[in-house]
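A quick write-up on the structure given underneath.
The values are calculated or read from the model by the stated rules, or taken from the named source; none is laboratory data. Quick caveat: nothing in here was measured; it's all calculated off a predicted structure. Ideal geometry is used to build each Cβ from the backbone, glycine not excepted, and the neighbour counts take in all protein chains shown. Surface accessibility is based on the protein's heavy atoms, side chains included, excluding ligands, DNA and RNA. Shrake-Rupley method; radii C 1.70, N 1.55, O 1.52, S 1.80 Å.
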Amino acid sequence: MKNIKKIIISLVVVTLLTQAAPTYALQDIKVERNSVLSLNDCITIALKNSPYIKNAKYNYEISKSNVNLARSEFFPTLGVGTGYNYTGSKSKQRSTSSGVYSVEASLNQLIWNFGRTNARIKMEKFYRIADLYTFDNTVRETIFNVKQRYYEVLAARATVLINKAYVDINERNYLRTKAYFDEGIKSKIDLVNAEVTLSDSKIALIQSQNAYKNTLVNLNNTMYLTKAPEYSISSTEEFNIKNNVAPVDLSNMERPAVVDKTKAPDGVENAKLLTSVEKWDVLTDYEVKEFPYSFDECIEIAYKNRADLKAYNSTLDAVKENLLYVKRNYYPEISANAGYTFRDLNNTNSLNVGVNMSSYVNIMAQKANVDAAKSQVQIAENSENQLNKDIYFEVQNAYIKMIELEKQIPLLAVRVHQTYENYELAEGRYYVGLGDYIQLQDAKVNYNNAQCSYIETIYKYNVAKAELESVIALPQEVTISIEDA
């Protein structure tokens with residue numbers, strides 16, 4: 001039964017992975033003032049700009065050169081030279097001197113070294129394959145980092161909107177309370193509490209705005225975008241905030257001007273009549289889409305797709321070939337050579353052709369090299385086994401995290417609705433004299449905190465989902481090949 005279950009899971013995974021996925025053209029995107037960038041746009045910019053992706057490509061190019069360098073041992077070595085030799089001697093009887101011009105040419109060709117060069121070539125090929133997979137893994141990590149920062153901006157933007165609405169609520173409550181105090185209906189302590197609550201809400205708004213700006217810095221950093229103009233990012237289907245664009249503007253980093261807090265806020269008129277609670281829905285019609293793969297399927301996909309695991313496999317094959325290369329240093333080398341020499345002394349010509357077999361081995365050094373190569377194989381095997389286990393736990397943690405947050409979202413939505421109704425009741429009771437200000441304040445805080453918790457959980461859910469997609473290396477709409485990097 002277990003074997004049948006594994007076969008069924010494998011067939012399902014293969015079928016799902018072979019289904020056509022939407023594609024996204026990787027184009028050059030210019031960030032201009034007032035541009036609206038989508039998530040795919042931001043991923044494209046990051047893939048184009050990432051220095052880590054560029055370094056991964058350069059390492060791959062070096063590996064290609066190393067393969068050709070290993071192959072070059074089978075190519076002939078040509079040598080040419082020319083020279084002039086002067087010889088002079090002198091004695092009492094006579095003195096003689098002679099000068100000889102010579103031209104020499106040689107050709108050396110490796111015939112066979114009992115597989116040592118072949119092992120080196122295979123080793124360098126495996127390293128080249130490993131570097132290619134390392135490039136793919138760098139792309140995977142870059143895409144996840146952009147998604148995480150993108151959702152972070154949307155969550156921070158939503159929190160700012162919530163806190164702005166909370167400030168508006170407290171401004172209206174303050175003006176109503178002040179009007180009632182002036183008429184002698186409410187006490188001084190209620191007015192002071194309303195002022196304190198309004199100040200606290202403004203502080204919370206400033207803090208959320210600063211946090212929002214920090215998320216913008218993180219997003220620009222992830223895209224390696226310096227001196228970016230003012231632009232906006234759009235909501236996603238998974239994170240659809242009420243304001244469907246989030247402005248990104250870090251051009252003004254100066255201190256804000258001092259505001260007279262004794263004046264009534266702009267746009268607030270007839271506060272005495274504004275007694276109803278305004279509901280603020282930051283997210284509209286949010287629905288959690290079920291993840292299409294079970295945990296077992298995710299494990300299968302991860303082991304099938306993870307580029308870093310494939311890179312470790314190729315590295316293990318490379319060090320095994322390196323062990324063969326080192327062991328074969330015991331064997332002799334068979335080579336052929338040919339040479340031609342011309343001297344102008346009596347027009348002397350000489351030609352030599354030969355086949356040689358030679359071996360030069362330091363027994364102690366060779367044993368040490370073999371032992372070191374064996375240890376490299378053991379290290380590679382251990383690293384591969386460790387990564388296999390790490391991938392399992394990464395998938396497990398990401399899957400559990402996503403499912404846990406998925407269950408929380410509808411409950412938090414209910415909580416938002418309940419705290420809103422409680423706030424309506426508390427405000428109504430307070431302004432007809434049946435409730436005190438503490439009950440009203442608790443109801444407002446609970447409503448605001450419920451909305452913030454709701455937004456934060458949706459943000460964490462989207463990040464957890466993106467993380468799960470990353471750790472199982474699902475094919476992405478936007479990606480980049482090593483030829484385009």
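Things to note:
- The one condition in (1) surrounded by 14 or more Cβ atoms within 10 Å (Cβ to Cβ); (2) in a helix (DSSP H, G or I) that residue 435 fails to fulfil: (2)
- Counted residues, the range 18-41 - those being more than 24 Å from residue 292 (Cβ to Cβ) and either in contact with a strand residue (DSSP E or B) (Cβ under 9 Å, 6 or more places away or on another chain) or at pLDDT 95 or above (or both): 9
- Total residues in the range 396-437, condition touching a residue at least 40 places away in the same chain (Cβ under 8 Å), under 20 Å from residue 457 (Cα atoms) and touching a helix residue (DSSP H, G or I) at 6+ places or on another chain (Cβ under 8 Å): 12
- For the range 345-358, the candidate set comprises residues that are open to solvent by less than 60 Å² (accessible area, probe 1.4 Å) and touching a residue at least 12 places away in the same chain (Cβ under 8 Å); within that set, the residue that is farthest from residue 103 (Cα to Cα) is 358.
- With respect to the stated conditions, residue 360 fails to be of a type outside the set (Asp, Glu) and at pLDDT 85 or above.
- Inspection of the range 123-141 finds no residue satisfying the criterion of being touching a residue at least 24 places away in the same chain (Cβ under 8 Å) and touching a Pro at 6+ places or on another chain (Cβ under 8 Å).
- For residue 353, the stated conditions hold: it is out of contact with any Phe, Trp or Tyr (no Cβ under 9 Å at 6 or more places or on another chain), among the hydrophobic types (A, V, I, L, M, F, W, C) and over 20 Å from residue 73 (Cβ atoms).
- Restricted to the range 163-204, and to residues there that are of a type in the set (Gly, Ala, Ser) and in a helix (DSSP H, G or I), the residue that is farthest from residue 431 (Cα to Cα) is 204.
- Residue match in the range 315-337 (condition: over 30 Å from residue 109 (Cα atoms) and open to solvent by 60 Å² or more (accessible area, probe 1.4 Å)): no
- Among the candidates 471, 445, 432, the residue that is within 27 Å of residue 157 (Cα to Cα) and either at pLDDT 85 or above or more than 27 Å from the chain's Cα centre (by Cα) (or both) is uniquely 445.
- Of the listed requirements (1) crowded, with 20+ Cβ neighbours inside 10 Å; (2) not in a helix (DSSP H, G or I), residue 484 misses just one: (1).
- Among the residues of the range 143-158, the ones that are open to solvent by 10 Å² or more (accessible area, probe 1.4 Å), in contact with a Ser or Thr (Cβ under 6 Å, 6 or more places away or on another chain) and closer than 18 Å to residue 213 by Cβ come to 3 in all.
- Any hit, the range 63-71, residues being open to solvent by 20 Å² or more (accessible area, probe 1.4 Å), without any contact (Cβ under 8 Å) to a residue 60 or more places away in the chain and either touching a helix residue (DSSP H, G or I) at 6+ places or on another chain (Cβ under 7 Å) or of a type in the set (Lys, Arg) (or both): yes
- Long-range neighbours under 9 Å by Cβ, at least six apart or interchain, first residue under 13 Å from residue 478 (Cα atoms) within the range 28-44, second open to solvent by 80 Å² or more (accessible area, probe 1.4 Å) and part of a loop (DSSP other than H, G, I, E, B): 40/477; 43/477; 44/27; 44/28
- The range 328-343, residues that are at pLDDT 85 or above and among the basic types (Lys, Arg): 328
- Taken over the range 470-485, the criterion of being of a type outside the set (Val, Ile, Thr) and touching a residue at least 60 places away in the same chain (Cβ under 8 Å) is satisfied by 470, 473, 474, 475, 476, 477, 484, 485.
- In the range 171-205, the residues that are surrounded by 17 or more Cβ atoms within 10 Å (Cβ to Cβ) and charged (D, E, K, R): 171, 172, 176, 178, 186, 190, 202
- Selected residue (criterion: farthest from residue 111 (Cα to Cα)) from residues of the range 41-62 that are surrounded by 15 or more Cβ atoms within 10 Å (Cβ to Cβ) and polar (S, T, N, Q): 44
- For the range 283-313, the tally of residues that are within 22 Å of the chain's Cα centre (by Cα) and among the polar types (S, T, N, Q) stands at 2.
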